[in-house]
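Below you'll find the structure, written out as structure tokens, and then a few comments.
The values are calculated or read from the model by the stated rules, or taken from the named source; none is laboratory data. It should be emphasised that the depicted structure is a prediction, and the values quoted were computed from it without experimental measurement. In this analysis, Cβ positions are derived from the backbone assuming ideal geometry, glycine residues included, and neighbour counts consider all displayed protein chains.
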Amino acid sequence: MDISDPEIEFDGNGLCSHCHRYDSLVRDLVDRATRAERVGEFNTIVDRIKQAGKGKPYDCIIGLSGGVDSTYLAWQAKQQGLRLLAVHFDSGWNSELAVHNIESTVKTLNLDLQTYVVDWEEMRDLQLAFFRASVANCDIPTDHAFPAVLYREAAAHGIRCVLSGSNYATEFILPTSWGYQSGDRRHLNDIYRKFGTQSLKHYPSIGFVAQYFWYPYVKRISTVKLLNYLPYIKSEAKQLISAELDWRDYGGKHHESVFTRFFQSYYLPVKFGYDKRRAHLSSLINSGQLDRETALDELSRPPFDARLIAQDKSFVARKLGISDQEFDQIVSQPGRPYSEFASHDFLFRIGPRIKRVFLPL
């Protein structure tokens with residue numbers, strides 16, 4: 001990590017605030033999981049999920065994107081005998097490889113799959129609004145809707161557990177300043193009100209109260225991050241799902257989506273100077289899966305292939321319904337901080353802290 005994160009701090013030994021936060025919050029949890037010392041907790045949670053699912057068609061629901069984390073999680077859950085309902089949110093940006101990986105996983109594991117196809121005209125207008133707002137996190141429209149769909153489907157099927165592939169070992173570090181978190185409906189609505197051109201009648205959204213109170217305490221639906229209880233080595237997970245599920249690598253984190261590949265490889269580093277590889281590699285270094293020299297070697301190479309990104313940029317512009325020239329003008333505008341738009345930032349800052357009082361990491 002470096003000062004492209006404006007909020008970073010370094011101590012006298014050169015250790016940054018992200019590493020200190022990792023040490024204080026999750027290092028012991030990740031290390032114990034890597035040593036297989038949390039397997040007992042894992043088994044207890046699996047038993048609890050099965051107990052809650054008795055008499056119902058499914059024990060839990062899982063969001064399947066075609067990426068490493070969700071695919072490996074689906075495989076692990078199936079090995080434990082959990083009855084999964086897989087849900088995929090089709091944002092309109094899936095690569096052909098992502099479609100293959102999802103179909104292969106579902107077929108091999110014999111999973112029931114529900115695919116929610118977004119209203120494209122609404123999604124197109126919403127994503128274009130975020131670009132025109134000139135904020136860093138233009139992937140919010142997808143990242144916000146997916147959990148909204150998962151919670152909605154879980155409630156509709158009487159499912160009490162949402163399995164999440166989110167984990168501390170490979171993705172704990174991510175600067176807040178690099179992009180506002182995706183769960184804030186007030187923030188999304190304010191940007192759309194100022195830069196959108198229609199109304200969001202079908203787009204799935206979820207507010208703070210629903211996320212932190214309605215679903216977890218009224219509907220009693222919990223989100224479980226099972227990978228935090230297992231030895232989770234990303235390279236080994238890739239080898240396993242490639243062999244077992246015919247999964248094929250995308251060449252980058254979250255590159256199963258053409259939009260996210262363009263957003264992370266080009267838009268963020270070119271417009272804002274944010275290279276998300278720094279955060280992803282730093283998490284792997286802290287969890288002992290990568291050495292710093294190898295990470296620095298990777299960072300010495302450009303974040304994108306020039307020919308591929310030129311194709312992606314034209315493709316994204318066409319899908320958004322604008323010319324390449326207009327898109328270049330939008331990208332070249334000065335970036336704006338998320339704080340210029342309405343949000344529930346304070347609530348989302350204290351929400352996880354309150355949650356940790358009642359729910360274990």
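For SER222, state whether it is in contact with a strand residue (DSSP E or B) (Cβ under 7 Å, 6 or more places away or on another chain) and within 19 Å of LEU174 (Cβ to Cβ).
Working: in contact with a strand residue (DSSP E or B) (Cβ under 7 Å, 6 or more places away or on another chain): yes; within 19 Å of LEU174 (Cβ to Cβ): no.
Here the answer is no, as SER222 does not meet what is asked.
Quick check on ARG318: is it of a type outside the set (Gly, Ala, Ser), modelled with pLDDT of 95 or more, in a helix (DSSP H, G or I) and surrounded by fewer than 16 Cβ atoms within 10 Å (Cβ to Cβ)? If you could, list the steps in order and put the result at the bottom.
Numbers: of a type outside the set (Gly, Ala, Ser): yes; modelled with pLDDT of 95 or more: yes; in a helix (DSSP H, G or I): yes; surrounded by fewer than 16 Cβ atoms within 10 Å (Cβ to Cβ): yes.
Yes.
Run down ILE140, ILE206, ILE159, ILE173 and say which single residue is under 22 Å from ARG48 (Cα atoms), of a type in the set (Val, Ile, Thr) and either in contact (Cβ under 8 Å) with a residue 12 or more places away in the chain or out of contact with any strand residue (DSSP E or B) (no Cβ under 7 Å at 6 or more places or on another chain) (or both).
On the way: ILE140 fails: under 22 Å from ARG48 (Cα atoms); ILE206 fails: under 22 Å from ARG48 (Cα atoms); ILE173 fails: under 22 Å from ARG48 (Cα atoms).
Matching residue, one of ILE140, ILE206, ILE159, ILE173: ILE159.
Starting from region 287-310, keep only residues that are more than 17 Å from ILE233 (Cβ to Cβ) and among the β-branched types (Val, Ile, Thr), then list their pairs with residues that are modelled with pLDDT of 90 or more and surrounded by 11 or more Cβ atoms within 10 Å (Cβ to Cβ) whose Cβ atoms are within a distance under 8 Å, requiring at least 6 positions of separation or different chains.
As it stands, the answer is ILE309/PHE262; ILE309/SER265; ILE309/TYR266, since those pairs meet every condition given.
Of the residues that sit in region 68-102 and are more than 18 Å from PRO141 (Cβ to Cβ) and among the small types (Gly, Ala, Ser), which one is surrounded by the fewest Cβ atoms within 10 Å (Cβ to Cβ)?
Filtering region 68-102 for residues more than 18 Å from PRO141 (Cβ to Cβ) gives 68-86, 96-97, 99-102.
Checking which are among the small types (Gly, Ala, Ser) leaves us with 70, 74, 77, 81, 86.
Working: SER70: 24, ALA74: 26, ALA77: 22, GLY81: 9, ALA86: 21.
Selected residue: GLY81.
Checking the conditions here, which among SER4, SER65, SER70 is small (Gly, Ala, Ser), closer than 19 Å to LEU163 by Cβ, assigned to a loop (DSSP other than H, G, I, E, B) and in contact (Cβ under 8 Å) with a residue 40 or more places away in the chain? If you could, list the steps in order and put the result at the bottom.
Values: SER4 fails: closer than 19 Å to LEU163 by Cβ; SER70 fails: assigned to a loop (DSSP other than H, G, I, E, B).
Being small (Gly, Ala, Ser), closer than 19 Å to LEU163 by Cβ, assigned to a loop (DSSP other than H, G, I, E, B) and in contact (Cβ under 8 Å) with a residue 40 or more places away in the chain holds for just one of SER4, SER65, SER70, which is SER65.
Within region 76-88, is even one residue outside any strand (DSSP E or B), touching a strand residue (DSSP E or B) at 6+ places or on another chain (Cβ under 8 Å), at pLDDT below 95 and among the hydrophobic types (A, V, I, L, M, F, W, C)?
We begin by selecting, within region 76-88, every residue outside any strand (DSSP E or B); these are 76-83.
Still in the list and also touching a strand residue (DSSP E or B) at 6+ places or on another chain (Cβ under 8 Å): 77-78, 82-83.
Add one more test, that the residue is at pLDDT below 95, and what stays is none.
No, region 76-88 contains no residue that is outside any strand (DSSP E or B), touching a strand residue (DSSP E or B) at 6+ places or on another chain (Cβ under 8 Å), at pLDDT below 95 and among the hydrophobic types (A, V, I, L, M, F, W, C).
Hey, among the residues in region 156-196 that are at pLDDT 95 or above and β-branched (Val, Ile, Thr), which one's farthest from GLN264 (Cα to Cα)?
ILE159
Please go through region 30-62 and pick out each residue that is over 24 Å from ILE221 (Cβ atoms), part of a helix (DSSP H, G or I), of a type outside the set (Asp, Glu) and out of contact with any Phe, Trp or Tyr (no Cβ under 8 Å at 6 or more places or on another chain).
ARG32, GLY40 - these are the residues of region 30-62 that are over 24 Å from ILE221 (Cβ atoms), part of a helix (DSSP H, G or I), of a type outside the set (Asp, Glu) and out of contact with any Phe, Trp or Tyr (no Cβ under 8 Å at 6 or more places or on another chain).
Of everything in region 194-224, what is outside any helix (DSSP H, G or I), of a type outside the set (S, T, N, Q) and surrounded by 15 or more Cβ atoms within 10 Å (Cβ to Cβ)? Give them in sequence order. Don't jump to the end; show me each part of the working.
First, the residues of region 194-224 that are outside any helix (DSSP H, G or I): 196-207, 219-224.
If we keep only those that are of a type outside the set (S, T, N, Q) too, we end up with 196, 200-204, 206-207, 219-221, 224.
Matches in region 194-224: GLY196, LEU200, TYR203, PRO204, ILE206, GLY207, LYS219, ILE221, VAL224.
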